[in-house]
Amino acid sequence: MLPLTSASFLFSFLLVVSLANSQSFIGVNYGQVADNLPPPSATAKLLQSTSIQKVRLYGSDPAIIKALANTDIGIVIGAANGDIPALASDPNFAKNWVNTNVVPFYPASKIILITVGNEVMTSNDQNLVTQLVPAIKNVQNALDSASLGGKIKVSTVHSMAVLRQSEPPSSGRFHPGMDSVMKELLGFNNATGSPFAINPYPYFAYTSDSRPETLAFCLFQPNSGRFDPNTNIRYMNMFDAQLDGVRSALNSLRFKDVEIVVAETGWPYKGDSNEVGPSLENAKAYNGNLIAHLRSKVGTPLMPGKSVDTYLFALYDEDLKPGPASERAFGLFKPDLSMTYDVGLSKSTNQAPPVASPKTPVNNPSPKTPVNNPAPKPQKKAVWCVPKAGVSDAQLQANLDYVCGHGVDCSAIQPGGACFEPNTVASHAAYAMNLLYQTAGRNPWNCDFVQTATISSNNPSYNGCIYPSGST
Ligand SMILES: *[C@@H]1O[C@H](CO)[C@@H](O)[C@H](O)[C@H]1NC(C)=O
């Protein structure tokens, strides 16, 4: 058995390593249905100041592609639905498309994927649907003749409506009417190693079932989970459930090796007064917890141990979009480049937004930071996440189940573990809640637990049981 000091050193070391690793799985959508967007050079600078590694364009705007040259940011470009008939019927049109939109910029601009069409399968345009695979194949052939085959992948983007069924996740299946085109598409994905790109939105799941329990499930907050009786897996959040529904649909057509990419997911921070779901608090919880979930690399129950590439929706609000107000309020950043709300994407804050001032007693007996520290670095200060006073055992048990069902290592509070005694729900939950907070990124929202927890600077460690603090 490791001495405890080594164990906690090892723990901090692992934490640092996981933060230092590349986060190539975090991308963002750059929609341009707006008349107030910053200049491309400013957007390129903004992206470089964040841990976002990939950006998805809906078209192939040369100004932004050029602005991203030599930034090492991966770029997804799109061919519009309107181009599909010509791409499908005319190989030369596809060659011209590649020669115009890819060749002049690559490799300085790191184009990684071309999406041919957006949500075509669910467009109800049978003509487009039948031309989708031929268009994709012509774009692939054009890349091959430009010697870019394999370097740049080709795919298309689907809405979740391609699934006839997704609950429980193991029963995920595509609409039977789509099977033949879907098999051709997946055959192409499988043969070329290109991803199956889809847009899961827990937000829309919540708008169609607006119970508080569903909200917690969608926002990665403590909840009782949803049990899949076919696999005996209890899902603790909607994002994983939706992805595993997609995984099951792919597996049912025997495409177990085709990788899934989340082309869009997000949550609006405001909406019309009759809309349920949009709010600053919800948007911040969804995106912040999603990013922490991706960074944990826990993966989903059916795809454990790695994070799917996920393009957040979206970089900016798109003020010219039609529909309810929420459609114009998905932006993570404002046109003046300030954050709409902080989800810990900024590099300069070491990925952790400022922790709200902990309510420390004035006479803290051994403060580790000077009281008048002019520029506190919150992520380096020793703080712990602790249950609030008066929280019921039932709520603490729910928190405990949530954390330990969430891929966090709860062995210390199991029999024989250093923190097993005292063997009470309160003690075990306190340990587990702090562990989740420390591993998920030490963001204020990682210490919420439906308002049953708070951040403290008093070290709760006792005897041989060390509560990690994440301080350096
Ligand atoms: C996927 O590709 C692999 C390797 O090329 C092949 O062996 C396999 O049969 C393909 N799967 C399907 C379902 O076509």
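The values are calculated or read from the model by the stated rules, or taken from the named source; none is laboratory data. Bear in mind that the values here come from a model prediction, so they are computed numbers and not experimental data. Because the Cβ atoms are built from the backbone with ideal geometry, glycine has one as well, and the counts that use them run over all protein chains shown.
Numerical summary
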quantity	calculated
Region 332-348, residues that are acidic (Asp, Glu) and under 16 Å from PRO39 (Cβ atoms)	ASP336
Filter result for ASP342 (more than 16 Å from the ligand (Cβ to nearest atom), under 28 Å from GLY225 (Cα atoms), part of a helix (DSSP H, G or I) and of a type in the set (Asp, Glu))	no
Lone qualifier among GLY470, GLY416 - being under 25 Å from the mean Cα position of the chain (by Cα) and more than 24 Å from GLY225 (Cα to Cα)	GLY470
Filtered residue count, region 142-165, keeping only those that are at pLDDT 95 or above and over 30 Å from TYR106 (Cα atoms)	5
Selection status of LYS45, surrounded by fewer than 21 Cβ atoms within 10 Å (Cβ to Cβ), charged (D, E, K, R) and out of contact with any helix residue (DSSP H, G or I) (no Cβ under 6 Å at 6 or more places or on another chain)	yes
Selection count where residues are within 15 Å of ASN399 (Cα to Cα) and either out of contact with any Lys or Arg (no Cβ under 6 Å at 6 or more places or on another chain) or among the hydrophobic types (A, V, I, L, M, F, W, C) (or both), scope region 227-245	3
Close pairs from region 31-55: first under 11 Å from THR71 (Cβ atoms), partner at pLDDT below 95 and of a type in the set (Ser, Thr, Tyr), Cβ under 6 Å, at least 6 apart	GLN53/SER24
Condition met for LYS297 (at positive phi and either without any contact (Cβ under 8 Å) to a residue 12 or more places away in the chain or among the charged types (D, E, K, R) (or both))	yes
Elements of type strands (runs of 3 or more DSSP E) contained in region 31-134, each with 3 or more residues being touching a Leu at 6+ places or on another chain (Cβ under 8 Å) and modelled with pLDDT of 95 or more	74-79, 111-118
Residue satisfying condition, being closer than 22 Å to ALA34 by Cβ and of a type outside the set (Gly, Ala, Ser), within set ASP61, ASP90	ASP61
Region 117-142 residues that are in the same structural domain as ILE84 (by TED's automatic domain parsing), paired with ones that are acidic (Asp, Glu) and surrounded by fewer than 23 Cβ atoms within 10 Å (Cβ to Cβ) (beta carbon under 6 Å, 6 or more apart)	VAL133/GLU184
Number of positions in region 236-255 that are under 15 Å from the mean Cα position of the chain (by Cα) and within 16 Å of the ligand (Cβ to nearest atom)	0
Within region 256-288, considering residues that are of a type in the set (A, V, I, L, M, F, W, C) and within 16 Å of the ligand (Cβ to nearest atom), the one surrounded by the most Cβ atoms within 10 Å (Cβ to Cβ)	VAL258
When residues of region 135-149 are limited to those that are assigned to a helix (DSSP H, G or I) and surrounded by fewer than 23 Cβ atoms within 10 Å (Cβ to Cβ), the one nearest to the chain's Cα centre (by Cα)	LYS137
Which listed residue, of SER252, SER208, SER224, is free of Cβ contacts under 8 Å to residues at least 12 places away in the same chain and among the polar types (S, T, N, Q)	SER208
Flag for PRO107 being closer than 15 Å to MET182 by Cα and either surrounded by 15 or more Cβ atoms within 10 Å (Cβ to Cβ) or of a type outside the set (Ser, Thr, Tyr) (or both)	no
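Condition check ((1) in contact with a Phe, Trp or Tyr (Cβ under 6 Å, 6 or more places away or on another chain); (2) at pLDDT 85 or above; (3) not assigned by TED's automatic domain parsing to the domain that holds MET236) across all residues:
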| position | (1), (2), (3) |
| --- | --- |
| HIS406 | no, no, yes |
| CYS419 | yes, yes, yes |
| THR424 | no, yes, yes |
| GLY441 | no, no, yes |
| PHE449 | no, yes, yes |
| ALA453 | no, yes, yes |
| ILE466 | no, yes, yes |
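So that you can scan it fast, the table gives a plain yes or no per residue for (1) of a type outside the set (Lys, Arg); (2) surrounded by 14 or more Cβ atoms within 10 Å (Cβ to Cβ); (3) at pLDDT 95 or above; (4) not in a loop (DSSP other than H, G, I, E, B):
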| site | (1), (2), (3), (4) |
| --- | --- |
| LEU290 | yes, yes, yes, yes |
| LYS306 | no, no, no, no |
| GLU327 | yes, yes, yes, yes |
| SER366 | yes, no, no, no |
